[in-house]
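Accompanying notes for the structure given below.
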Protein chains: 2
Amino acid sequence: MAPVKVFGPAMSTNVARVLVCLEEVGAEYEVVNIDFKALEHKSPEHLARNPFGQIPAFQDGDLLLFESRAISKYVLRKYKTDEVDLLRGGNLVEAAMVDVWAEVDAHTYNPVLSPVVHQCLINPLVRGIPTDEKVVAESLKKLKKVLEVYEVRLSKHNYLAGDFVSFADLNHFPYTFYFMATPHATLFDSYPHVKAWWERIMARPSVKKISVGMVPPKA
Amino acid sequence: MAPVKVFGPAMSTNVARVLVCLEEVGAEYEVVNIDFKALEHKSPEHLARNPFGQIPAFQDGDLLLFESRAISKYVLRKYKTDEVDLLRGGNLVEAAMVDVWAEVDAHTYNPVLSPVVHQCLINPLVRGIPTDEKVVAESLKKLKKVLEVYEVRLSKHNYLAGDFVSFADLNHFPYTFYFMATPHATLFDSYPHVKAWWERIMARPSVKKISVGMVPPKA
């Protein structure tokens, strides 16, 4: 059987989200780079995969998918085993807790953490735009409030959805990985249970392998 | 069995998302209002339901959930029947298409449509803040690009995930409903397949019933 294909630069956060899931389930896959400088993401070939011209896109035989969280769930469902069940689809309550904390990542955590990554790494080191320190300060203030809630949650359970690792935890990996390359990484030291949780995520073989390809831009 | 409880004002978009799902599956439920003016969403009782102090929250016996999309999925899974299966959990490909277009709502459609609602209705008529016409114009410009993709998709299928109604479609209801009360509602007339899709959604008994409680603010 031909391996599934993931289209997009492997160092992109949304691509990495999918790749970690593929590694967790041990699926065979191929990464097909998309060259943004050559506007390949707006080419007819790529628009056939994702009509919004974004990455990642995904191919499994005749099936084309986009949206990293949707692709990830497809992968986790398709290759689910008794040992690796990161969506907990068979358990109504556990599946709901996975969904709750995956949505918290998308709508609460990521919107306050990702601007720090954009302002401290991507703007100055990739786009040549100066860091807006006001945006950084406001985001960090909001992020502290969010991390306070995470600290309470992770003092009761080893992982966000409960005492089992899930898609909800892995979802946090790509942006937090780049956040840890900003000058504000030490913020996590104030939240020992969050820090320990992050170290548990980083110790996973899937995460170790994919993070090798995610080189933060350097000054 | 005690009915499940939904905490939050029924006219709120994120509460309405959950209520429409409850109506679709015919579940018994009770709406418990949360009084924002009295800061009830930041009370210890509500923070026990949702540590981020947002609405909606949800209770089913001992189970407490938050995040409207996660609650909705729990409801759709719990009360799923052969006739009403809006997540298509038993079909790997259909479930993936539902996820794709639910994510498109969250990350592509809603971020460009909701600012128009905020600027044209909520700011001037609820908060006493003037409409920022520049934000409206920029959002409408982006929304047109998104609706062009929707028009192509909905010219091929009756619904977003395919030729079956799903959570992906219903997800679009709450914000689009309020958008239709702004001066920019006629934008949809330029996209006949999108317009027909919207009319199919609005004709659903669940949507008709819940929209009665969603009174757009008036000048």
Residue selected from segment A:75-96 under the condition open to solvent by 60 Å² or more (accessible area, probe 1.4 Å) and under 19 Å from the mean Cα position of the chain (by Cα), by the criterion nearest to B:ARG77 (Cα to Cα)
A:ARG88
Checking A:GLU199, A:GLU133 in turn, the sole residue that is among the acidic types (Asp, Glu), under 26 Å from A:ASP85 (Cβ atoms) and open to solvent by 40 Å² or more (accessible area, probe 1.4 Å) turns out to be A:GLU199
For segment B:150-168, what are the residues that are farther than 27 Å from B:ALA10 by Cβ, without any contact (Cβ under 8 Å) to a residue 60 or more places away in the chain and of a type outside the set (Val, Ile, Thr)?
B:TYR150, B:GLU151, B:ARG153, B:LEU154, B:SER155, B:LYS156, B:HIS157, B:ASN158, B:ASP163
Scan segment A:41-74 for residues that are open to solvent by 50 Å² or more (accessible area, probe 1.4 Å), more than 10 Å from chain B (Cβ to nearest Cβ) and among the polar types (S, T, N, Q) and report the count.
1
Members of segment A:95-105 found to be in contact with a Lys or Arg (Cβ under 8 Å, 6 or more places away or on another chain) and either at the interface with chain B (Cβ under 7 Å from one of its Cβ atoms) or without any contact (Cβ under 8 Å) to a residue 24 or more places away in the chain (or both), listed by number:
A:ALA95, A:ALA96, A:ASP99, A:GLU103
Note on segment B:75-94: residues at the interface with another protein chain (Cβ under 7 Å from one of its Cβ atoms), within 21 Å of A:ASN91 (Cβ to Cβ) and hydrophobic (A, V, I, L, M, F, W, C) are B:LEU92
Conditions: (1) farther than 15 Å from A:PHE188 by Cβ; (2) touching a helix residue (DSSP H, G or I) at 6+ places or on another chain (Cβ under 9 Å). A:ALA137 meets all but one. Number of the miss?
(2)
B:LYS142 being open to solvent by 50 Å² or more (accessible area, probe 1.4 Å), in contact with a helix residue (DSSP H, G or I) (Cβ under 7 Å, 6 or more places away or on another chain) and either among the small types (Gly, Ala, Ser) or in a helix (DSSP H, G or I) (or both):
yes
Which of the residues that make up segment A:150-168 are open to solvent by 10 Å² or more (accessible area, probe 1.4 Å) and within 14 Å of chain B (Cβ to nearest Cβ)?
A:GLU151, A:VAL152, A:ARG153, A:SER155, A:LYS156, A:HIS157
Quick one: A:THR176 ticks every box in (1) open to solvent by 50 Å² or more (accessible area, probe 1.4 Å); (2) more than 14 Å from chain B (Cβ to nearest Cβ); (3) of a type in the set (S, T, N, Q); (4) closer than 30 Å to A:GLU28 by Cα bar one, so which box is it?
(1)
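To keep it simple, each residue is scored yes or no on (1) more than 14 Å from chain B (Cβ to nearest Cβ); (2) surrounded by fewer than 20 Cβ atoms within 10 Å (Cβ to Cβ); (3) part of a helix (DSSP H, G or I); (4) in contact (Cβ under 8 Å) with a residue 40 or more places away in the chain.
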| site | (1), (2), (3), (4) |
| --- | --- |
| A:VAL117 | yes, no, yes, yes |
| A:CYS120 | yes, no, yes, yes |
| A:ALA137 | yes, yes, yes, no |
| A:GLU148 | no, yes, yes, yes |
| A:LEU170 | yes, no, yes, yes |
| A:LEU187 | yes, yes, yes, yes |
May I ask you to verify whether A:ASP35 is modelled with pLDDT of 95 or more, more than 29 Å from B:GLY90 (Cα to Cα) and open to solvent by 60 Å² or more (accessible area, probe 1.4 Å)?
no
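The values are calculated or read from the model by the stated rules, or taken from the named source; none is laboratory data. Here the structure is a predicted model, which is why all the values come from computation and not from measurement. Note that we place each Cβ from the backbone using ideal geometry, even for glycine, and neighbour counts take in every protein chain shown. Please note that ligands, DNA and RNA were not included when accessible areas were found on the heavy atoms of the full protein model with its side chains. Shrake-Rupley method; radii C 1.70, N 1.55, O 1.52, S 1.80 Å.
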